[in-house]
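Engineer: Got a structure here, written out as structure tokens. Questions coming.
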Amino acid sequence: MPHPDHAAGAPAAPQPAVPLSDDSPVVLDRRDGPFGEVVLRRHAGRHEIIANGCFLMDTSDGRSERLLVDCALDALDAPAGPRSGLRLLIGGLGVGFSLARAAAEPRWGEIAVVERETAVVDWHRSGPLAAYSAHALDDPRVRVVEADLVGYVRDAETRFDALCLDIDNGPDWTVTENNGTLYSLSGLVACRERLEPAGVLAVWSAQPSTRFEAALRDAGFTGVRTLEVPVTRGVPDVVHVGVKA
């Protein structure tokens, strides 16, 4: 039986429009690159990077990304006190928290940022992520290397005092299959070769990994430790640290 308000032949009453939620994700840019699709979107007041359908990072909380740089500098200072003119490699530009932290520290004399996605570099040069990296790409100490980090670490001849790597959700959760080689014994040995004596390797991860700690020791790193940053839900973000023997 039809509802009395919708009798045969009578037009249906117009329904009120349902407003879109302010929390609905909005895609700001989407590009296909040599390593798959990369997306920048705004969601609930923050910016997010999605690679190959895998959530990478957002701008809600940069504590662990800043810790990535801070702990490397602390480890370099430990043997003989503060030094200047240090050379840093940041693996993965991301949303720029690590780079901004490094650029704010005058003791870094050179900062190389290895980023394989041209889109991410563009979002920092002239897009919405420039605010999070504090326009650090304009710093004369900073140079961007648009390359795959795995190949760069293996083939480059330059040595650094610190490598701060954040290209995946961690050693056990990579964005692309090839990235897994970076956390293997041969990949970690290549990282060690890119370091000056007593140089520091720091690796960001969305969860602790005892397996990776063991791999760092097997690759010849000493002083291996894991620093935790509590998060609202789930296991803490961590930074794995090792020093070249």
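The values are calculated or read from the model by the stated rules, or taken from the named source; none is laboratory data. The structure presented is a predicted model; accordingly, all values stated were derived computationally and were not measured. Quick reminder, even Gly has a Cβ in these numbers, built from the backbone with ideal geometry, and neighbours come from all protein chains shown. The accessibility values were calculated without ligands, DNA or RNA, using every heavy atom of the protein model including side chains. Shrake-Rupley method; radii C 1.70, N 1.55, O 1.52, S 1.80 Å.
Engineer: Does any residue of segment 44-62 turn out to be at pLDDT 90 or above, small (Gly, Ala, Ser) and more than 29 Å from Gly242 (Cβ to Cβ)?
Structural biologist: Yes.
Engineer: If you don't mind, another one. With respect to the numbered conditions (1) more than 20 Å from Ile167 (Cβ to Cβ); (2) open to solvent by 30 Å² or more (accessible area, probe 1.4 Å); (3) at pLDDT 95 or above, which one is the sole condition not fulfilled by Glu146?
Structural biologist: It is condition (1) that Glu146 fails.
Engineer: Another question, then. Could you list, in sequence order, the residues of segment 94-110 that are more than 15 Å from Val239 (Cβ to Cβ) and open to solvent by 10 Å² or more (accessible area, probe 1.4 Å)?
Structural biologist: Listed by number, the residues that qualify are Ala100, Ala103, Ala104, Glu105, Pro106, Arg107, Gly109, Glu110.
Engineer: Return the residues of segment 187-221 that are open to solvent by 70 Å² or more (accessible area, probe 1.4 Å) and farther than 22 Å from Ile90 by Cβ; say none if nothing qualifies.
Structural biologist: Thr210, Arg211, Arg217, Asp218
Engineer: Which pairs have Cβ atoms under 9 Å, sit 6 or more apart or on different chains, and link a residue in segment 26-41 that is at positive phi to one that is at pLDDT below 95?
Structural biologist: From residues that are at positive phi, the pairs are Gly36/Ala51; Gly36/Asn52; Gly36/Gly53; Gly36/Val175; Gly36/Thr176.
Engineer: Let me ask you something else. Of the residues Gly199, Gly127, Gly170, which single one is touching a residue at least 12 places away in the same chain (Cβ under 8 Å) and at positive phi?
Structural biologist: Gly170 is the lone residue from the list that is touching a residue at least 12 places away in the same chain (Cβ under 8 Å) and at positive phi.
Engineer: Suppose we keep only residues that are touching a strand residue (DSSP E or B) at 6+ places or on another chain (Cβ under 9 Å) and of a type outside the set (Ser, Thr, Tyr) within segment 3-25. Which one would you say is modelled with the highest pLDDT?
Structural biologist: Pro25
Engineer: Filter the helices (runs of 4 or more DSSP H) completely within segment 51-153 down to those with at least 2 residues that are over 30 Å from Asp23 (Cα atoms).
Structural biologist: 63-77, 97-103
Engineer: How many of the residues making up segment 170-187 are closer than 19 Å to Ala72 by Cα and either part of a loop (DSSP other than H, G, I, E, B) or modelled with pLDDT under 90 (or both)?
Structural biologist: Adding up the residues that qualify gives 2.
Engineer: Further, regarding this structure: Please specify each residue of segment 149-163 satisfying the condition of being of a type outside the set (Ser, Thr, Tyr), in contact (Cβ under 8 Å) with a residue 24 or more places away in the chain and either surrounded by 17 or more Cβ atoms within 10 Å (Cβ to Cβ) or farther than 23 Å from Arg107 by Cα (or both).
Structural biologist: Answer for segment 149-163, where residues must be of a type outside the set (Ser, Thr, Tyr), in contact (Cβ under 8 Å) with a residue 24 or more places away in the chain and either surrounded by 17 or more Cβ atoms within 10 Å (Cβ to Cβ) or farther than 23 Å from Arg107 by Cα (or both): Leu149, Val150, Val153, Arg154, Ala156, Phe160, Asp161, Ala162, Leu163.
Engineer: Could you list all residues from segment 120-170 that are farther than 20 Å from Ile50 by Cβ, among the β-branched types (Val, Ile, Thr) and touching an Asp or Glu at 6+ places or on another chain (Cβ under 8 Å)?
Structural biologist: Of everything in segment 120-170, those that are farther than 20 Å from Ile50 by Cβ, among the β-branched types (Val, Ile, Thr) and touching an Asp or Glu at 6+ places or on another chain (Cβ under 8 Å) turn out to be Val144, Val145.
Conditions (1) open to solvent by 10 Å² or more (accessible area, probe 1.4 Å); (2) modelled with pLDDT of 90 or more; (3) of a type in the set (A, V, I, L, M, F, W, C), marked per residue:
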position: Val27; (1), (2), (3): yes, yes, yes
position: Arg30; (1), (2), (3): yes, yes, no
position: Val38; (1), (2), (3): no, yes, yes
position: Ser64; (1), (2), (3): no, yes, no
position: Pro82; (1), (2), (3): yes, no, no
position: Ile90; (1), (2), (3): no, yes, yes
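Engineer: Just give me the residues in segment 85-136 being hydroxyl-bearing (Ser, Thr, Tyr), under 17 Å from the mean Cα position of the chain (by Cα) and over 27 Å from Gly187 (Cβ atoms), in sequence order.
Structural biologist: The answer is Tyr132, and nothing else.
Engineer: Sticking with this structure for a sec: When the residues of segment 196-245 are filtered to those that are among the β-branched types (Val, Ile, Thr) and part of a loop (DSSP other than H, G, I, E, B), which remaining residue is nearest to Arg87 (Cα to Cα)?
Structural biologist: Val231
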